[in-house]
Amino acid sequence: MYRFNKIMVCLNLDDNDANMIQYAGILSKMAHSDEIHFVYVSNTLDVPEEIKKIYPELASPLETAVEERMRQVVDQHFNGHASSRLIYQYLEGALPGLLISYSKKQDIDLLIAGHQADDQAASYSLSEKLARKAFCSVMIVPRQINPRLEKILVAVDFSEHSLNALDVGSAFAKAAGLDHIYALNTYQVPSGYHKTGKSYEEFDNIMLENAKSKLKDVLTKTDMKSVDIKPFFKNNSNAVEGIQRFSEGMDADLIVVGARGRSGDIAAILLGSITEGLIRKTDRPLLAVKEKGEGLSILEAIISE
C-alpha cells in the first residue's frame, strides 16, 4: 500500500459521506497513511441581511460552520490509522477544478469521491470528471455500500495498465489479509472468424487460450506479493456489461481497473471507455489506478472545466 500515503476525501455533506469516510479509515490502516484530507467545495451565495436577522447562525463565517460539520461527521465515521493526520479544507469555487488542483498541490496519492450509478448524466458527471482528470488514482464509492474489502476483482486487458491494476489489487489484498484476488478478462470472437474455415466454437477456444497465455505472461512481470490469483475469462462483446455482471455474480467488494494516461499525449485525458462505462453503470466501489502525475501538461490546460 506504498502508493497511498496521502488520501483525499471529497465530502458532500450528505448521506454518502459516511461510506467514503469509512473507506478512508480502512485504507489508511492498510497503507499507514500520513495524511487524510477531508475537502468540501461550496459555490457560496451572499445571504441577504433580512435572512441573517431571522437566522443569526448564518451570519457566522461559513467556513467555520462547514469545518465544524466536517469534523462532526468524520469523528462519527472515521476509524483509521492512529497516526494519520486529519486535515479539513473548505474551498469556494467551481467543481471539479478546485478538487483537482488541490489534490495536485497537496501531492495526493488517492482521491475518494462519491457517486450513484445510473444512466443520468448529472449523476455521474462529477465522479467521471474527477476520475478522468485527477493526477492520481481515484476511488469511486456508490451510495448505500457496506464498506468492506473481502473480494477484490481486477479487470485485466494485458496492457501496462493491467500491470498497475494487478499491483494495486494484490497490495490491497495483502494489506487486508486476503490470500487471493480475482482477475477477469473479457474477450470476443472476431467477426471475420469464418474466413479461417473454423467454427465459432473453435475460434472461441483459440481466443480463450490466447487470453490465458497473455495473462500468464503478464503475471511474470508483476509482483503479486505472495497473493494468489483466481483467473476468469468471459466471452462478451460488451466488456463493461461482462465486468459488471461478473462482479455482481461474485458479490465483489471492489473493482480495480488500470486507467489510461500518457504524459504529454492527448490520451492522457482519456480514461478509457471501459472504465468510464463502469463508473456510469456499476454499483460497486471502483478504483481507477493511475501512475501518479500522468498527463500533467495537457490536463493543466483544462483543469477548470
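The values are calculated or read from the model by the stated rules, or taken from the named source; none is laboratory data. None of the values given here were measured: they were computed from a predicted structure. Because the Cβ atoms are built from the backbone with ideal geometry, glycine has one as well, and the counts that use them run over all protein chains shown.
Of all residues in segment 231-276 being over 25 Å from Ser191 (Cα atoms), among the small types (Gly, Ala, Ser) and surrounded by 16 or more Cβ atoms within 10 Å (Cβ to Cβ), which is modelled with the lowest pLDDT?
Ala268
So Gly114 clears everything in (1) crowded, with 20+ Cβ neighbours inside 10 Å; (2) in contact with a Ser or Thr (Cβ under 9 Å, 6 or more places away or on another chain); (3) more than 19 Å from Ile243 (Cβ to Cβ); (4) modelled with pLDDT of 90 or more except one condition, right? Which one?
Going through (1) crowded, with 20+ Cβ neighbours inside 10 Å; (2) in contact with a Ser or Thr (Cβ under 9 Å, 6 or more places away or on another chain); (3) more than 19 Å from Ile243 (Cβ to Cβ); (4) modelled with pLDDT of 90 or more one by one, Gly114 breaks only (4).
Which members of segment 74-102 meet the condition of being at pLDDT 95 or above and part of a helix (DSSP H, G or I)?
Val74, Asp75, Gln76, His77, Tyr102
Out of segment 220-230, which residues are crowded, with 16+ Cβ neighbours inside 10 Å and touching a strand residue (DSSP E or B) at 6+ places or on another chain (Cβ under 7 Å)?
If the condition is that a residue be crowded, with 16+ Cβ neighbours inside 10 Å and touching a strand residue (DSSP E or B) at 6+ places or on another chain (Cβ under 7 Å), then Val227, Ile229 are the ones that fit.
Working only within segment 225-242, note down all residues that are among the polar types (S, T, N, Q) and closer than 17 Å to Lys212 by Cβ.
Asn235, Asn236
Any residue in segment 146-160 that is within 23 Å of Arg69 (Cβ to Cβ) and at pLDDT below 95?
Yes: segment 146-160 contains one or more residues that are within 23 Å of Arg69 (Cβ to Cβ) and at pLDDT below 95.
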